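A short worksheet on the structure shown next.
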Amino acid sequence: MQRRKIKLIIQYDGYDYSGWQIQPGKRTIQGLLSDAVSDLVGWRTTVHGASRTDAGVSALGQVAVFEILSPIPTENFRDAINDRLPRDIVIISAELADQSFDIMGGVKSKHYRYTIYTGKARPVFDIRKCWHLPRNLDTAAMNRAAQFLVGKKDFKSFASSKDKRDSFVRTIFRCDVTGEDKKVIVDVEGDSFLYNMVRNIVGTLAEIGLGRWPPEKMIEILYAKDRRAAGQIAPPQGLCLMWIKY
């Protein structure tokens, strides 16, 4: 029997979870997926993801993989795993991946979307999927500021203050801010992201949208390479991983 590598596309509502990564004593997406696969095949199997989303963050296109030595047909994995998952996690597809498939190193780009709701009343049906900020935001100013982030740059000012890695250089392919009715949408696509990077960017853009800083402040923040120079961190529930490309 040949060992197979199974690639999954996963959607989940992250509101009630302590993020993607397995943590002792906590309910996580990776933990429940690994439990489901292990129960299916009869021995402990770990599911590895391409993005370690934070607590409260959701996904429409998370990519994950596990290796298996089992007679179960590949086309049966999706439904069989879904039968063992809670309703807020679902496998969209399960397919055979090449043995050379690299879940982390093979990523070419990721797309995150952040949603802000500016209406005065809480959006009760969407409250788990947005930042409720009941203020008028200047989306044109936010979008002008966002364009300063596009390109290969040092994003240390937008990394978690606890991040001690050697390099903070990342490439942002696009960063767009759009408004529709009472929603403000921030779309960010890049080759990879630092811990809390997108949420720190959104929090900074919100300061600009509120008129507290001009759009050009973004240039100063980038050059500072200091987390204290940027704005507040946006809440996790507004963030969603849309897709990952290889």
Name every residue in segment 159-180 that is closer than 20 Å to Arg113 by Cα and in contact with a strand residue (DSSP E or B) (Cβ under 9 Å, 6 or more places away or on another chain), in order of residue number.
Arg170, Thr171, Ile172, Phe173, Arg174, Cys175, Asp176, Val177, Thr178, Gly179
Provide a single number: the residues in segment 67-82 that are of a type in the set (S, T, N, Q) and exposed (fewer than 13 other Cβ atoms within 10 Å of the Cβ).
1
With the condition kept exactly as written, say whether any residue in segment 179-192 is of a type outside the set (Asp, Glu), without any contact (Cβ under 8 Å) to a residue 12 or more places away in the chain and either part of a loop (DSSP other than H, G, I, E, B) or not assigned by TED's automatic domain parsing to the domain that holds Asp126 (or both).
no
Do we find a residue being over 30 Å from Gly49 (Cα atoms) and at pLDDT 95 or above anywhere in segment 156-168?
no
Of the residues in segment 124-137, those that are within 22 Å of the chain's Cα centre (by Cα) and either surrounded by fewer than 16 Cβ atoms within 10 Å (Cβ to Cβ) or not in a helix (DSSP H, G or I) (or both) number 7
Collect the residues in segment 120-152 that are touching a strand residue (DSSP E or B) at 6+ places or on another chain (Cβ under 7 Å) and farther than 18 Å from Pro214 by Cα, keeping them in residue-number order.
Arg122, Pro123, Asp126, Lys129, Cys130, Trp131, His132, Leu133, Gly151, Lys152
Hits in segment 218-234 (condition: among the basic types (Lys, Arg) and either touching a helix residue (DSSP H, G or I) at 6+ places or on another chain (Cβ under 8 Å) or not assigned by TED's automatic domain parsing to the domain that holds Ala146 (or both)):
Lys225, Arg227
How many residues does segment 200-246 contain that are in contact with a strand residue (DSSP E or B) (Cβ under 7 Å, 6 or more places away or on another chain) and β-branched (Val, Ile, Thr)?
3
Those residues of segment 58-78 that are touching a residue at least 12 places away in the same chain (Cβ under 8 Å) and farther than 16 Å from Arg3 by Cβ come to a total of 9
Could you list, in sequence order, the residues of segment 193-216 that are in a loop (DSSP other than H, G, I, E, B) and not acidic (Asp, Glu)?
Phe193, Leu194, Tyr195, Asn196, Leu210, Gly211, Arg212, Trp213, Pro214, Pro215
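The values are calculated or read from the model by the stated rules, or taken from the named source; none is laboratory data. Keep in mind that this is a model prediction, so the values were computed, not measured. Methodologically, a virtual Cβ is constructed for each residue, glycine included, from the backbone with ideal geometry; neighbour enumeration extends over all protein chains shown.
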